[in-house]
Each structure stands twice: as structure tokens, then as C-alpha cells.
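Participant: Below are the C-alpha cells for one structure; questions will follow.
The values are calculated or read from the model by the stated rules, or taken from the named source; none is laboratory data. What you are looking at is a predicted structure, and each value in this text was computed from that prediction instead of being measured. No Cβ is skipped: glycine too gets one built from the backbone with ideal geometry, and neighbour counts run over all protein chains shown.
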Amino acid sequence: MRFFRVKTALGAAVLCDALGKLDAIAVRTGAAASEEEFELAAYLAERSFAEKTNIARAPQYEFTLWLAGTKDIKSSVRELSPNEGEREFFVFVFSDAVEREIMAGLNAEKLPLGLQKKGEPLALERISLSRTI
């Protein structure tokens, strides 16, 4: 999994179509404060597939479940998706698409991540314990 912070002028429908072709998902910028939170959710999603304990069929949706701390795919996507009209967000790619292809497909400009490296302990705990609640 790779992620970027991007800015694009694409509308929601076109964006969703482009992301689907790239096995990617858009996440609003306020969804996490650190790279470590995103990395932990990605690790737990990957581990879920390896251990066959995944809830979602696709890695990007399993990732949203862990990041949102829920077991319901629709609510996790709704919680994490950029709001209508938002033009800056994170893109998480779960395929081997190259960065140039991603940026071209989204007609996007890559921005600095703007995240802390380390996560707050409570944020990390919320993600890691979300399946035990």
C-alpha cells in the first residue's frame, strides 16, 4: 500500500471511477493525524487477509474498517470519504500502479503529506483494538 496527499478538480463520480480502476480509495485529510495510524491500519488489513479473518473482500475496504475502527464497510467508507466538493485528500493505492499513472488518472497534483510521523497512543489503540470491541 502506498499513499499520497493530492489535490484534484475531479468531481466525486469521476474520482470514484478513476480510483476503482487503480484499486485505490480516497480518504479525507482529517481522518488521521499521523503516518503511523495509516501504516497500522494497512498492516492490520494485510494481516487480516493473511490470517483469513478479513471482513471485506477487497484490501482497500478492509483498510477502511481498521482505520475507522468499525466492522461495517458502508459506515467506514462514509466516515472516511472526502466530503462533496473537497479537492484535497489522501489516496491509498493497493495495486502496483505507478505514481505517474495515479496522478494522471486523477488529474491530480501531489502535495506534502502534512502528517506527524508518530501517532498518539490513543489513536493507535483505537485502530488496533477495533476488532475486539
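Participant: Output the helices (runs of 4 or more DSSP H) that fall wholly within the range 1-89 and possess 2 or more residues being in contact (Cβ under 8 Å) with a residue 12 or more places away in the chain and closer than 21 Å to Arg126 by Cβ, or say none. Quick ask: steps written out before the conclusion?
Facilitator: Working: elements: 12-21, 35-50, 59-68, 73-80.
Where helices (runs of 4 or more DSSP H) fall fully within the range 1-89 and carry at least 2 residues being in contact (Cβ under 8 Å) with a residue 12 or more places away in the chain and closer than 21 Å to Arg126 by Cβ, they are 35-50, 59-68, 73-80.
Participant: When the residues of the range 85-107 are narrowed to those that are more than 26 Å from Arg47 (Cα to Cα) and of a type outside the set (A, V, I, L, M), which ends up surrounded by the most Cβ atoms within 10 Å (Cβ to Cβ)?
Facilitator: Gly105
The rows are residues; the columns are (1) touching a Gly at 6+ places or on another chain (Cβ under 8 Å); (2) hydroxyl-bearing (Ser, Thr, Tyr); (3) crowded, with 16+ Cβ neighbours inside 10 Å; (4) under 28 Å from Pro112 (Cα atoms).
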{"residue": "Leu40", "(1), (2), (3), (4)": "yes, no, yes, yes"}
{"residue": "Ser48", "(1), (2), (3), (4)": "no, yes, yes, no"}
{"residue": "Ala56", "(1), (2), (3), (4)": "no, no, yes, no"}
{"residue": "Asp72", "(1), (2), (3), (4)": "no, no, no, no"}
{"residue": "Val77", "(1), (2), (3), (4)": "no, no, yes, yes"}
{"residue": "Leu80", "(1), (2), (3), (4)": "no, no, yes, yes"}
{"residue": "Asn83", "(1), (2), (3), (4)": "no, no, no, yes"}
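Participant: Somewhere in the range 123-133, is a residue modelled with pLDDT under 95, polar (S, T, N, Q), farther than 21 Å from Val6 by Cβ and surrounded by fewer than 14 Cβ atoms within 10 Å (Cβ to Cβ)?
Facilitator: Scanning the range 123-133, I find at least one residue that is modelled with pLDDT under 95, polar (S, T, N, Q), farther than 21 Å from Val6 by Cβ and surrounded by fewer than 14 Cβ atoms within 10 Å (Cβ to Cβ), so the answer is yes.
Participant: Select from the range 1-55 the residues that are among the acidic types (Asp, Glu) and modelled with pLDDT under 90 and list them in ascending order.
Facilitator: Passing the criteria: Asp17, Asp23.
Participant: Please enumerate the residues belonging to the range 93-120 that are touching a residue at least 40 places away in the same chain (Cβ under 8 Å), assigned to a loop (DSSP other than H, G, I, E, B), farther than 12 Å from Lys7 by Cα and among the aliphatic types (A, V, I, L, M).
Facilitator: Within the range 93-120, Ala97, Leu115 qualify.
Participant: Okay, moving on. Give the residue that is nearest to Lys71 (Cα to Cα), with candidates limited to residues of the range 108-122 that are surrounded by 13 or more Cβ atoms within 10 Å (Cβ to Cβ) and of a type in the set (A, V, I, L, M, F, W, C).
Facilitator: Leu115
Participant: For the structure I just gave you, tell me whether Thr64 is out of contact with any Asp or Glu (no Cβ under 7 Å at 6 or more places or on another chain), exposed (fewer than 14 other Cβ atoms within 10 Å of the Cβ) and hydroxyl-bearing (Ser, Thr, Tyr).
Facilitator: For Thr64, the condition - out of contact with any Asp or Glu (no Cβ under 7 Å at 6 or more places or on another chain), exposed (fewer than 14 other Cβ atoms within 10 Å of the Cβ) and hydroxyl-bearing (Ser, Thr, Tyr) - is not met.
Participant: For Ala123, which of the numbered conditions (1) under 17 Å from Asp23 (Cα atoms); (2) in a helix (DSSP H, G or I); (3) in contact with a strand residue (DSSP E or B) (Cβ under 9 Å, 6 or more places away or on another chain) fails to hold?
Facilitator: Single failed check for Ala123: (1).
Participant: Filter the range 89-133 for residues that are among the polar types (S, T, N, Q) and closer than 22 Å to Tyr61 by Cβ and give the result.
Facilitator: Ser95, Ser128, Ser130, Thr132
Participant: Any residue that is more than 10 Å from the chain's Cα centre (by Cα), over 19 Å from Leu10 (Cβ atoms) and of a type in the set (Asp, Glu) - is there at least one of those in the range 97-107?
Facilitator: Among the residues of the range 97-107, not one is more than 10 Å from the chain's Cα centre (by Cα), over 19 Å from Leu10 (Cβ atoms) and of a type in the set (Asp, Glu), which makes the answer no.
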